[in-house]
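Below is one structure, written out as structure tokens, with a few remarks after it.
The values are calculated or read from the model by the stated rules, or taken from the named source; none is laboratory data. No experiment lies behind these values; they were computed from the predicted model shown. Backbone-built Cβ (ideal geometry, glycine too); neighbour counts: all protein chains shown.
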Amino acid sequence: MLVDIKGKDVLTTQELSVDEIKAILKLAKEMKKDRFDKKFNQLLKDKTFLMFFFNPSLRTRISFEAAATELGGHAQFLEPKTMRLKKTSQGVEVQAGETIEDAAQVLARYAAGMGIRILETSVKHYGDGNALLREYARWMNVPIINMADDKYHPCQGLSDVMGMEEHRGDLKGKTVLMSWAHGALARSYCSVHENLLITSRLGMNVKLAYPKGYDLPEEEIAKVKKNCEMNGTKFEIINDPYAAYNEDVEFVYSRNWFGPDFYEIGKEAEIARARKMTDWICDQERMDRTNNALFIHPMPVDRGKEVTDEVASGPNSIITDIAENRLHTQKAIMAMTMAGLKVKI
Amino acid sequence: MLVDIKGKDVLTTQELSVDEIKAILKLAKEMKKDRFDKKFNQLLKDKTFLMFFFNPSLRTRISFEAAATELGGHAQFLEPKTMRLKKTSQGVEVQAGETIEDAAQVLARYAAGMGIRILETSVKHYGDGNALLREYARWMNVPIINMADDKYHPCQGLSDVMGMEEHRGDLKGKTVLMSWAHGALARSYCSVHENLLITSRLGMNVKLAYPKGYDLPEEEIAKVKKNCEMNGTKFEIINDPYAAYNEDVEFVYSRNWFGPDFYEIGKEAEIARARKMTDWICDQERMDRTNNALFIHPMPVDRGKEVTDEVASGPNSIITDIAENRLHTQKAIMAMTMAGLKVKI
Amino acid sequence: MLVDIKGKDVLTTQELSVDEIKAILKLAKEMKKDRFDKKFNQLLKDKTFLMFFFNPSLRTRISFEAAATELGGHAQFLEPKTMRLKKTSQGVEVQAGETIEDAAQVLARYAAGMGIRILETSVKHYGDGNALLREYARWMNVPIINMADDKYHPCQGLSDVMGMEEHRGDLKGKTVLMSWAHGALARSYCSVHENLLITSRLGMNVKLAYPKGYDLPEEEIAKVKKNCEMNGTKFEIINDPYAAYNEDVEFVYSRNWFGPDFYEIGKEAEIARARKMTDWICDQERMDRTNNALFIHPMPVDRGKEVTDEVASGPNSIITDIAENRLHTQKAIMAMTMAGLKVKI
């Protein structure tokens, strides 16, 4: 079957079909293998990809800009502070100036596609960032790629599972443990959500561990549960920092995230609470109780809090491979949505 | 006749011949039609175009950077805050450090051309921004392109008339209404000046409407009058927000600009005064009294103040087409001045 | 002999062999002659070069970005403020967030090489900037290029001697005068060190003039002395603003630098002291006492303080040529270290 997603927005993997996910992963692996091959380096020739960064980022900016370069195109790095944009029709205030209706229609004339990154620190209410992307998508007839918003991070999720498959083959029936971790970073949900959504989608069992009070948004958990039900796999929630590490587990994802009251209590209160729960860390002792699990993480890693140095730099850590995959999955997405490359699966 | 403007600075259309303007427009239209054709995408191959942004901009930055990309070259986005530059010999203070004499001569060794954007908010006196461009032009033997200064905006003017011609054919003898509008943006003269200069130059009748006290600089009005005289066309000033909308009018340009005392009274006083004159807005009722006029504007549009949503999003609004033309006119200018492409007219 | 420095970091010319220096200079001259030739413009095709600017710069940023473009690649302009990086293992605090170990290993997956610029104003202690580069070099298996740190500036040194050779042929046995100059800029050592190191390395006699109290770091002076000893040339220190200008001198480099107590007394105290010593300036009268010496300087020039306008803009000033050479030496370094181009000397 030939998968064609030309013109499609990529806002979360949950809104792609499983076949579309498989096609992106297949192409990404091929692009990793033949990275500078002629079959890929003309796909965005002379074309412009716009990157809107409402929040800064190391990996995301560099990997998207390199992706455009390797496809023969050019990515423009844009920060809203150097632009004049107005609030959206969906209530997201951005900056005095132009409506998204006006700006977006012009941008679509210049560019082959646009990526947007907007996290919780740039918006007032949970979901406003994602709403901004949808507002741009509404007015632009070129693909919008989510470079991480306050809800989702599809390129990270795709890179996670690509790395997991590279090291352990087919993921069906395998178990991933997603564990909350302490620390002072009050981290966003997007990478966590996306990993839960895509691993459950691809037929994995999901263990979700976190301290009481750190529930993820119900709406997303409902999707993960439904994904598991459809695949006949297990979904478990465990409120204990040790118990989830058992011999079923083949992948451990240990990551801080803020509590559901974050938008009310603010960053400082969240941090004060989270940094005390020092039991919530991934260490070698716990890893030893698993099925030789691989350590995964979207980076940057908060060493000594989310995970010990021993695990993060150890032989079972595949974090650098997953980070590299950002480049390849993003190239695949851009090639398929913007250049119309079709992939046979 | 073959038009050759290799090496020429483009500071305002008033300093180009009418033939040169026609050649740029002809090439821009061809580039719009065959946007990614091989005949254009090697013109700036491996060459660097420098963009100096003393003031931020959405359309200008993206369209110039895309223009360089589509010609096979690369545009560098530079902001003076990240550079060390000294005051010019013409009295414009920029930043402690290097003289323009020194910086400009080095830049000319690296780049095929340079664009500069500097508006009234970056200078102390009217004309200082334009003087800065002329100072760079003096020391650099590669073309300087005005990306909007405190006096002129040639790429916008060219894009305006390109869009007007695309929708209504030859502009000779047709009438454009340039009307002041209220609002809180205290806008620069550059786009307004350039439109008046280029439309009068190409043989249009010009109606200029604004409230008493909002005269444009005499020096520019004198040029517009002379342009009209040379073409035997009409130039009119009307101090009324309604009267100018009549059956002669085929194009309406409604735009806020600050009063002549702006540099003394400052932004806040200007805004306080301008936002009260709510009569000065382009609405459908007024448009209905024209000769089915098209609405034009350099964007960003201040909706609800300069123009109603009904008009701005209506079928006679060609603002997105004009904004798109920025890309094409800029490509044409760069191709002709930097790559030496000659155009037959 | 065929010189191959593929994969090599370039942190200072002192850590290159003389043959490697000669090979870079030979290639740079060829690249200057055939600037846009096909033999060079595919060397970094579709590859990414990362530029980390902890300190802003005009020439460095533009020349490196243009270098990447002219080799067919793309340089990404990155400023640490838009990134999340943590302190290095060598004690350099950068920003809360990620360790260099983690960041660097990921960057090496995306890029063909990386340039870093970090001067004394971004670090607490002399040498911390250089240590940061070495920390990145430790973790990355792609070349690290020093774009100026608090100790060295290899690309500037190479460009200096390239310009000197272009105008005066073989440098062996010729004399360069490096003179301190007054002014209010409290300038870094890096360009001064590098010039002393590379000129002494290539067999020049070195005269170093500065007021008492402005000694350069002993460690670097020891290297310069040893370079001279190995070449059988003269090294002299003169604490007088006039005496060093004599008929031996064929090149004059007049430049401000801060005193050894700068990191303790701070910028203001340094400036207050340095601006008083108005005798320390390069003027035509002094130049007239030399062997028709050429004036060299890494720019930006502090006119009226380091050198008079008469000398800086005079016929013997080769500062613009040297600045242009930054482009060519950097292209040569990138081609050899990143693309593996071998050079026969």
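Does segment C:253-269 include one or more residues that are within 14 Å of chain B (Cβ to nearest Cβ) and either within 30 Å of residue C:72 (Cα to Cα) or modelled with pLDDT under 95 (or both)?
yes
Have a look at C:302, C:283 and point out the one that is more than 26 Å from residue B:110 (Cα to Cα) and either within 14 Å of another protein chain (Cβ to nearest Cβ) or in contact with an Asp or Glu (Cβ under 9 Å, 6 or more places away or on another chain) (or both).
Values: C:302 fails: more than 26 Å from residue B:110 (Cα to Cα).
The conditions single out C:283.
Looking only at residues in segment A:31-46 that are of a type in the set (D, E, K, R) and in contact (Cβ under 8 Å) with a residue 24 or more places away in the chain, which one is nearest to the other protein chains (Cβ to nearest Cβ)? Talk me through it step by step, then tell me what you get.
First, the residues of segment A:31-46 that are of a type in the set (D, E, K, R): A:32-35, A:37-39, A:45-46.
With the extra rule that they be in contact (Cβ under 8 Å) with a residue 24 or more places away in the chain, the set shrinks to A:32, A:35, A:45-46.
Working: A:32: 10, A:35: 9, A:45: 7, A:46: 5 Å.
Checked segment A:31-46; the qualifying residue nearest to the other protein chains (Cβ to nearest Cβ) is A:46.
Among the numbered conditions (1) at pLDDT below 95; (2) more than 23 Å from the chain's Cα centre (by Cα); (3) over 24 Å from residue B:56 (Cα atoms), tell me where residue A:38 comes up short.
(1)
From the list A:154, A:217, which one is out of contact with any Phe, Trp or Tyr (no Cβ under 6 Å at 6 or more places or on another chain) and closer than 28 Å to residue A:7 by Cα? Let's see the steps before the verdict.
On the way: A:217 fails: closer than 28 Å to residue A:7 by Cα.
Of A:154, A:217, the one residue that is out of contact with any Phe, Trp or Tyr (no Cβ under 6 Å at 6 or more places or on another chain) and closer than 28 Å to residue A:7 by Cα is A:154.
Looking at C:312, C:332, C:293, which is the one that is in the same structural domain as residue C:72 (by TED's automatic domain parsing) and within 22 Å of the chain's Cα centre (by Cα)?
Numbers: C:312 fails: in the same structural domain as residue C:72 (by TED's automatic domain parsing); C:293 fails: in the same structural domain as residue C:72 (by TED's automatic domain parsing).
Matching residue, one of C:312, C:332, C:293: C:332.
Which one is surrounded by the fewest Cβ atoms within 10 Å (Cβ to Cβ), of the residues in segment B:75-95 that are at pLDDT below 90 and facing another protein chain (nearest Cβ under 9 Å)?
Within segment B:75-95, the subset at pLDDT below 90 is B:79-95.
Still in the running and facing another protein chain (nearest Cβ under 9 Å): B:79, B:81-86.
Values: B:79: 14, B:81: 9, B:82: 14, B:83: 20, B:84: 18, B:85: 22, B:86: 19.
Here the residue is B:81.
Within segment A:98-124, track down each residue that is more than 10 Å from chain B (Cβ to nearest Cβ) and acidic (Asp, Glu).
A:120
Would you point out the residue of segment A:273-332, among those that are in contact with a His (Cβ under 7 Å, 6 or more places away or on another chain) and farther than 20 Å from residue A:185 by Cα, that is surrounded by the fewest Cβ atoms within 10 Å (Cβ to Cβ)?
This residue is A:318.
Going by the structure shown, is residue C:57 within 12 Å of chain B (Cβ to nearest Cβ), within 16 Å of residue C:155 (Cβ to Cβ) and in a loop (DSSP other than H, G, I, E, B)? I'd like the intermediate steps shown before the answer.
Values: within 12 Å of chain B (Cβ to nearest Cβ): yes; within 16 Å of residue C:155 (Cβ to Cβ): yes; in a loop (DSSP other than H, G, I, E, B): yes.
Against the criterion (within 12 Å of chain B (Cβ to nearest Cβ), within 16 Å of residue C:155 (Cβ to Cβ) and in a loop (DSSP other than H, G, I, E, B)), residue C:57 qualifies.
Output the number of residues of segment A:63-74 satisfying the condition of being part of a helix (DSSP H, G or I), of a type in the set (A, V, I, L, M) and either more than 7 Å from chain C (Cβ to nearest Cβ) or touching an Asp or Glu at 6+ places or on another chain (Cβ under 7 Å) (or both).
Applying the first criterion (part of a helix (DSSP H, G or I)) to segment A:63-74 yields A:63-70.
Those still in the list that are of a type in the set (A, V, I, L, M) too: A:66-68.
Narrowing the set further to residues that are either more than 7 Å from chain C (Cβ to nearest Cβ) or touching an Asp or Glu at 6+ places or on another chain (Cβ under 7 Å) (or both) leaves A:67-68.
So the answer is 2.
Is there a residue in segment A:152-170 that is farther than 24 Å from residue A:57 by Cα and in contact with a strand residue (DSSP E or B) (Cβ under 9 Å, 6 or more places away or on another chain)?
yes
For the structure I just gave you, tell me whether residue C:322 is in contact with a Pro (Cβ under 8 Å, 6 or more places away or on another chain), on the phi < 0 side of the Ramachandran plot and part of a helix (DSSP H, G or I). Can you show your working first?
Numbers: in contact with a Pro (Cβ under 8 Å, 6 or more places away or on another chain): yes; on the phi < 0 side of the Ramachandran plot: yes; part of a helix (DSSP H, G or I): yes.
Yes; evaluated as a whole, the condition is true for this residue.
Is it true that some residue in segment A:271-287 is within 26 Å of residue A:201 (Cβ to Cβ) and in the same structural domain as residue A:196 (by TED's automatic domain parsing)? Steps first, answer last, please.
Let us first name the residues in segment A:271-287 that are within 26 Å of residue A:201 (Cβ to Cβ), namely A:282, A:287.
Keeping just the survivors that are in the same structural domain as residue A:196 (by TED's automatic domain parsing) gives A:282, A:287.
Checking segment A:271-287: at least one residue is within 26 Å of residue A:201 (Cβ to Cβ) and in the same structural domain as residue A:196 (by TED's automatic domain parsing).
Yes/no per residue for (1) in contact (Cβ under 8 Å) with a residue 60 or more places away in the chain; (2) hydrophobic (A, V, I, L, M, F, W, C); (3) within 11 Å of chain B (Cβ to nearest Cβ):
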{"site": "A:2", "(1), (2), (3)": "yes, yes, no"}
{"site": "A:8", "(1), (2), (3)": "yes, no, no"}
{"site": "A:11", "(1), (2), (3)": "yes, yes, no"}
{"site": "A:53", "(1), (2), (3)": "yes, yes, no"}
{"site": "A:61", "(1), (2), (3)": "no, no, no"}
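For segment A:27-34, state whether one or more residues are part of a loop (DSSP other than H, G, I, E, B), under 19 Å from the mean Cα position of the chain (by Cα) and hydrophobic (A, V, I, L, M, F, W, C). Walk me through it before giving the result.
So the first thing to find is which residues in segment A:27-34 are part of a loop (DSSP other than H, G, I, E, B), and the list is A:34.
Going one step further and asking which of them are under 19 Å from the mean Cα position of the chain (by Cα), we end up with none.
Within segment A:27-34, not a single residue is part of a loop (DSSP other than H, G, I, E, B), under 19 Å from the mean Cα position of the chain (by Cα) and hydrophobic (A, V, I, L, M, F, W, C).
So how many residues does segment B:325-345 have that are of a type outside the set (S, T, N, Q), touching a Gly at 6+ places or on another chain (Cβ under 8 Å) and within 10 Å of chain A (Cβ to nearest Cβ)?
Of the residues in segment B:325-345, 0 are of a type outside the set (S, T, N, Q), touching a Gly at 6+ places or on another chain (Cβ under 8 Å) and within 10 Å of chain A (Cβ to nearest Cβ).
Quick grid of which residues meet (1) within 18 Å of the chain's Cα centre (by Cα); (2) closer than 21 Å to residue A:299 by Cα:
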residue	(1), (2)
A:2	no, no
A:8	yes, no
A:18	yes, no
A:23	yes, no
A:50	no, no
A:57	yes, yes
A:62	yes, yes
A:69	no, no
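Would you confirm whether any residue within segment B:169-184 is more than 30 Å from residue B:248 (Cβ to Cβ) and within 14 Å of another protein chain (Cβ to nearest Cβ)? Can you show your working first?
Narrowing segment B:169-184 to residues more than 30 Å from residue B:248 (Cβ to Cβ): B:184.
Now drop any that are not within 14 Å of another protein chain (Cβ to nearest Cβ), which leaves B:184.
Looking for residues that are more than 30 Å from residue B:248 (Cβ to Cβ) and within 14 Å of another protein chain (Cβ to nearest Cβ), one finds at least one in segment B:169-184, hence yes.
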